[in-house]
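Student: Can you keep this structure in mind? I'll have questions shortly.
Each value in this text was obtained by applying a stated rule to the coordinates, not by laboratory testing. Model, not experiment: these values are computed from the prediction. Neighbour counts run over all protein chains shown; Cβ positions are idealised from the backbone, glycine included.
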Amino acid sequence: MNNRVKNIINTLIRFIKNLKRPSKRRNLKRLRQRGQTIDSFVIREAVPKDVPSLAALHVKTWKDTYGNGGPSQQIREYQWNELFGSTNRDWLVLIIENSDGELIGFAKGQPYNHPDLPEFNSELNKIYLLRDYQRLGLGRKLVGHVAQRLLDKGATNMVLFGIPQNPSCLFHEALGGERLHKKGEVFQGGYCWRDLQKLVDICMSSK
C-alpha cells in the first residue's frame, strides 16, 4: 500500500469518526439542560489534590478517543502523582472545571527538545475534553491558555503529536496547525505552530 492510499484511508477514518461525535447543537442543548453556560467554566492550574479526578477524566477521555483499553485509573493516578511529586516543574497542566467543581477537560504543556525537530521548543503533550463539552469553544480556550503560559515561559512555537485517524486533527487544523510531514509521506498525526503568539490570538478571538 503506497503512502497516498494510506493518507486517503486515514482521511476517511477521521471523517467517519467525526460523524460519530456529538454535534455543537446537541451539546449546547445539553449544556442548557444542565443549567450551565460557557462563561460558568473555569480554566485553572491543576494541583495535587486534583489527581483522583484528573486520573478518572484521563481514563474516560482516552477511551472516548481511542476506544476500549488503555491504562486503568490506578495507573493514571500513579502517573499523575509521579508527575506532581517530581522536582522538575517546567511542565504545566491546566484543567477546565464546571460550576459544580467537576473536571471536564485538561491539557499539558511542556518544553520540547528533540534533534529531529530542533527548531521547536515547546509541546502540547496532552489535550482531552469530555464529548459532551466538545464543539463549544472550550477546547480552543484551553489551547490558548496553555499557549500563553508557554509563551510566558519563553517558548516561541509548539508541536503536538497524535494519530492520523483522530478526528481532533480537524480541530488542530482549525487553529492553524501545520502538518508535520513532507510531501508524499504518510501523515502521522503531528502538527506544529511556528508562531505561538499567533496561536494565542486565534484561540482568544471571539470566534
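Student: Once you order the gyration tensor axes a ≥ b ≥ c over the Cα atoms, which shape class does the stretch 1-147 get: rounded for a/c under 1.5, otherwise prolate or oblate by comparing a/b with b/c?
Tutor: Oblate, because a/c is 1.5 or more while a/b does not exceed b/c.
Student: Would you mind computing, in nm to one decimal, how far apart the modelled labels at W91 and N2 are, each placed 7 Å from Cα along Cα→Cβ?
Tutor: Output for this residue pair reads 4.2 nm.
Student: Between E82 and D152, what length in nm is gained on full extension when 0.36 nm per residue of separation is reduced by their alpha carbon distance?
Tutor: Gain on extension, E82 to D152, equals 22.7 nm.
Student: Rounded to the nearest 0.05, what FRET efficiency do D64 and D39 give with R0 = 35 Å and r taken as the Cβ-Cβ distance? Could you check?
Tutor: Efficiency at R0 = 35 Å is approximately 0.90.
Student: Could you tell me which helices of the chain pass both thresholds, a Cα extent of 27 Å or more along their own axis and a mean Kyte-Doolittle hydropathy of at least -1.0, with helices taken as whole DSSP H runs?
Tutor: none
Student: Among S53, S40, which comes first, then next, by fewest other beta-carbon atoms within 10 Å?
Tutor: S40, S53
Student: Please label the shape of the stretch 58-109 as rounded, prolate or oblate, based on the square roots a ≥ b ≥ c of the eigenvalues of the alpha-carbon gyration tensor (a/c under 1.5 means rounded; beyond that, a/b larger than b/c means prolate, else oblate).
Tutor: oblate
Student: What ranking do 143-152, 95-104 get when scored by the average of other Cβ atoms within 10 Å per residue, highest first?
Tutor: Listed from highest to lowest mean packing, they are 143-152, 95-104.
Student: Would you mind calculating the gained length between D132 and D116 on full extension (0.36 nm times residue separation, minus the Cα-Cα distance), in nm to one decimal?
Tutor: 2.1 nm
Student: Ranking I16, I9 by Cβ neighbours within 10 Å, fewest first, what do you get?
Tutor: Fewest to most other Cβ atoms nearby, the residues stand as I16, I9.
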